[in-house]
Amino acid sequence: MHLVVITSPTSIPHEIPLCNRMQQAGLKRLHLRKPDWDRSDACSFLSRLDQGTLRTVVLHDWHELATDFPVKGIHYTEKSRPRPPLPPQDNMTISTALHDLQQLDVDYGALDYAFLSPIFDSISKAGYEAAFDLDNLTTCIAACNIPLVALGGKGVHAPHTVHLKCMCGKS
C-alpha cells in the first residue's frame, strides 16, 4: 500500500517546502487538486517544486501541463473523465474518482488506480457523508480488478477499518 497525498484545495502557507519534504521522506504520489486555480497558478506551483517532487505529482486539472512538466500522471474527476476505455498515456499513471459500487464493474481501459469515496464522512467537505455499507463494500472490492484508494473522513476507527476491510491487496 502506498501513501497518497491530495493537496488542500486552497493554497496553504509553506506548501512548496512541505511537498518537497514529503517527497524526500518517501512520498510516491502527490495529487495536485486546486479547483479554483487557473493554468498560470498551476504552472507557478509546478515550476517551484524540486524535480524529485515534480515526478510524484498527479494533475487533477490542466492535463496539458504534463507535456511541459515531468509529472507522474493525470487524474480524471468524475466530471472530466472521458467515456471508457481510457487511452494509455506515455509514461504516466491514470487515475479517476469513483463514487458508486456499480462503477467498479466498468472496464476503464488504461486505468492504474481509482479513488473510492466517501468511505467515511468527509472532514474536508461539509455534508459529504459515507456512502457505503462496509460489509457490502468488502465483497465488491474482493471482486474488483481496479486498485483502489479509499477516501473519506478520519476518526479513531477509520485507519484500521479501511486497511482491513477496504484496502487489503489494493493500491
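The values are calculated or read from the model by the stated rules, or taken from the named source; none is laboratory data. This structure is a prediction, so every number in the text was calculated from the model and none was measured. Ideal geometry is used to build each Cβ from the backbone, glycine not excepted, and the neighbour counts take in all protein chains shown. The protein model used for the area step is the full one, side chains on, heavy atoms only, and it has no ligands, DNA or RNA in it. Shrake-Rupley method; radii C 1.70, N 1.55, O 1.52, S 1.80 Å.
For this structure, a couple of remarks:
- Residue within the stretch 63-71 that is modelled with pLDDT of 95 or more, over 20 Å from Pro147 (Cβ atoms), open to solvent by less than 10 Å² (accessible area, probe 1.4 Å) and in contact with a strand residue (DSSP E or B) (Cβ under 7 Å, 6 or more places away or on another chain) present: yes
- Residues of the stretch 90-115 satisfying the condition of being in contact with a Gly (Cβ under 8 Å, 6 or more places away or on another chain) and buried (at least 17 other Cβ atoms within 10 Å of the Cβ): Met92, Ile94, Ser95, Asp112
- Any hit, the stretch 38-53, residues being assigned to a helix (DSSP H, G or I) and within 23 Å of Ala114 (Cβ to Cβ): yes
- In the stretch 1-31, the residue that is farthest from Glu64 (Cα to Cα) out of those that are part of a strand (DSSP E or B) and in contact with a Cys (Cβ under 9 Å, 6 or more places away or on another chain) is Val5.
- Candidates Val4, Val58, filtered to the one that is modelled with pLDDT of 95 or more and within 26 Å of Val106 (Cα to Cα): Val58
- Condition check for Pro118: open to solvent by 30 Å² or more (accessible area, probe 1.4 Å) and assigned to a loop (DSSP other than H, G, I, E, B): no
- Residue, nearest to the chain's Cα centre (by Cα), within the stretch 92-126, restricted to residues that are of a type in the set (S, T, N, Q) and under 11 Å from Leu151 (Cβ atoms): Ser117
- Within the stretch 22-62, the set of residues being of a type in the set (Ser, Thr, Tyr) and open to solvent by 40 Å² or more (accessible area, probe 1.4 Å) comprises Ser40, Ser44, Ser47.
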